[in-house]
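*Asks:* Just passing along the structure, written as structure tokens.
No value in this document is a laboratory result; all are computed from the given coordinates. Just so we're clear, the structure is a prediction, and the values are computed from it rather than from any experiment. Quick reminder, even Gly has a Cβ in these numbers, built from the backbone with ideal geometry, and neighbours come from all protein chains shown.
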Amino acid sequence: MRIDLINPQPGGVDAPVRETPVFQAIVFLKIALVAMLGWTPGIAHDTKSDSESSVIVNSVSEDAQCHFPDSALVTSSGKSVQFYEDLVKDKVVAINFIFTDCTTVCSPAAIKMSHLEQMLKQRDASDVGLISVSIDPVTDTPERLSEWSDRFNPGPDWTFLTGEKRTVDDLLRALKVFTPNYEDHQPIMIVANDATQSCRYVNGLSSAKFMLQAIDRIL
């Protein structure tokens with residue numbers, strides 16, 4: 001699977017820092033391996049702080065086929081939902097993966113998702129759903145997830161999910177984003193169109209504008 005790297009444009013709130021060719025090549029290979037194999041040793045949760053995680057690459061995979069299991073999960077408000085039937089079926093969705101004890105990329109990724117949500121609102125794109133799945137469901141109870149998500153002022157079209165560990169792990173495996181140690185997870189976002197059964201893997205720290213472009217490509 002090929003990953004297309006697009007050079008970020010200077011300026012704007014979401015404009016990323018310009019990377020060296022060596023850095024771009026490293027991230028290129030890691031994101032490509034994630035998309036193809038579902039796991040690589042992490043660059044996400046090492047010794048870097050949130051501020052150090054601002055060096056990013058706008059990247060997206062080519063169209064892929066995604067399988068969305070109908071996992072029984074719980075929202076941050078305590079509501080029981082079926083992942084596919086209630087949140088994905090007949091919809092366009094953007095899905096990222098976080099945990100509340102995360103001290104590196106999770107908050108920046110949620111901020112990017114918040115920027116994306118605002119851009120979707122400006123376009124009146126209420127048919128696009130945003131989903132954040134906790135990859136540490138043992139710690140992340142609905143109450144804890146709700147408290148964490150409140151930092152990003154999510155609207156009604158942005159759903160935060162947790163659930164039984166085995167169920168969440170099976171979901172992550174089906175989506176090819178599972179890592180044995182959740183702290184090693186990659187900052188991946190999946191954009192998918194259920195109507196066309198297509199999806200793309202996007203760097204979850206890309207600019208919101210780039211994420212929106214990735215969504216447009218699968219409409």
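*Asks:* From 87, 73, which residue is aliphatic (A, V, I, L, M) and assigned to a helix (DSSP H, G or I)? Show your work before the answer.
*Replies:* Values: 73 fails: assigned to a helix (DSSP H, G or I).
On inspection, the qualifying residue turns out to be 87.
*Asks:* Criterion first (hydrophobic (A, V, I, L, M, F, W, C) and in contact with a helix residue (DSSP H, G or I) (Cβ under 9 Å, 6 or more places away or on another chain)) does residue 192 satisfy it? Steps first, answer last, please.
*Replies:* Working: hydrophobic (A, V, I, L, M, F, W, C): yes; in contact with a helix residue (DSSP H, G or I) (Cβ under 9 Å, 6 or more places away or on another chain): yes.
For residue 192, the condition - hydrophobic (A, V, I, L, M, F, W, C) and in contact with a helix residue (DSSP H, G or I) (Cβ under 9 Å, 6 or more places away or on another chain) - is met.
*Asks:* Also, I was wondering about something else. Given (1) touching a helix residue (DSSP H, G or I) at 6+ places or on another chain (Cβ under 7 Å); (2) closer than 22 Å to residue 179 by Cβ, identify the lone condition not met by residue 114.
*Replies:* (2)
*Asks:* Is it the case that residue 197 is surrounded by fewer than 17 Cβ atoms within 10 Å (Cβ to Cβ) and on the phi > 0 side of the Ramachandran plot?
*Replies:* Against the criterion (surrounded by fewer than 17 Cβ atoms within 10 Å (Cβ to Cβ) and on the phi > 0 side of the Ramachandran plot), residue 197 qualifies.
*Asks:* Still on this structure, I have one more. Would region 130-149 turn up any residue that is touching a Leu at 6+ places or on another chain (Cβ under 8 Å) and either surrounded by fewer than 17 Cβ atoms within 10 Å (Cβ to Cβ) or at positive phi (or both)?
*Replies:* Within region 130-149 (the criterion being touching a Leu at 6+ places or on another chain (Cβ under 8 Å) and either surrounded by fewer than 17 Cβ atoms within 10 Å (Cβ to Cβ) or at positive phi (or both)), the answer is no, since none of the residues qualifies.
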